[in-house]
Each structure stands twice: as C-alpha cells, then as structure tokens.
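The values are calculated or read from the model by the stated rules, or taken from the named source; none is laboratory data. It should be emphasised that the depicted structure is a prediction, and the values quoted were computed from it without experimental measurement. Here the Cβ is made from the backbone with ideal geometry for all residues, glycine too, and neighbour counts use every protein chain on show. Accessible surface areas use protein heavy atoms only, side chains included; no ligands, DNA or RNA. Shrake-Rupley method; radii C 1.70, N 1.55, O 1.52, S 1.80 Å.
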Amino acid sequence: MSALRILLEKTSSGFSAWSPDLPGCIATGDTEEDARARMDAAVRMHVEGLRKAGRPVPPEASPD
C-alpha cells in the first residue's frame, strides 16, 4: 500500500485523523503533528494485523 487518503479534523480537544481506505483505523492527538504521527503508526499496525490474520488489505480509495 503506497498511498492512503488521510482525513484530519480539528476537534474541541485536539485533532482526529482517519482513512476512508482503512475503515476503523483512527488516531487522535493534541496537535496536528501528533495526530499525523499517531495515524502513521495506526495505519502500519492495522495493515500488519490484517496481513497476519490473512485478511485482504482494502484497496486505496481513488483520488477525488
């Protein structure tokens, strides 16, 4: 998986990030940078878990 669309949103307590390419894979952070770094780690862990479980990795979403 080479590229994923990551959505980042400002919240009342910091930032929230998720990817439409990997439903259920989310991260939060106090700053935008924290949320991005945590999302990077979450994506890696999510994909690794799918592969270890023998489940398919969802295809990347097409760009808008």
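Miscellaneous remarks
- Length-normalised contact order of the chain in % [C-alpha pairs under 8 Å, at least 6 apart]: 29
- Of the accessible area of the chain, computed with a 1.4 Å probe over protein heavy atoms only, carbon and sulfur atoms account for 53 percent.
- Of Leu50, Leu7, the order by accessible heavy-atom surface (1.4 Å probe, DNA, RNA and ligands excluded), from most exposed downward, is Leu7, Leu50.
- Given the choices [x] 14.1; [y] 12.2; [z] 14.4, Kirkwood radius over Cα pairs in Å derived from the coordinates of this structure is entry [y].
- Assigned charges on the beta-carbon of Lys, Arg, Asp, Glu; the chain dipole about Cα centre (debye): 340
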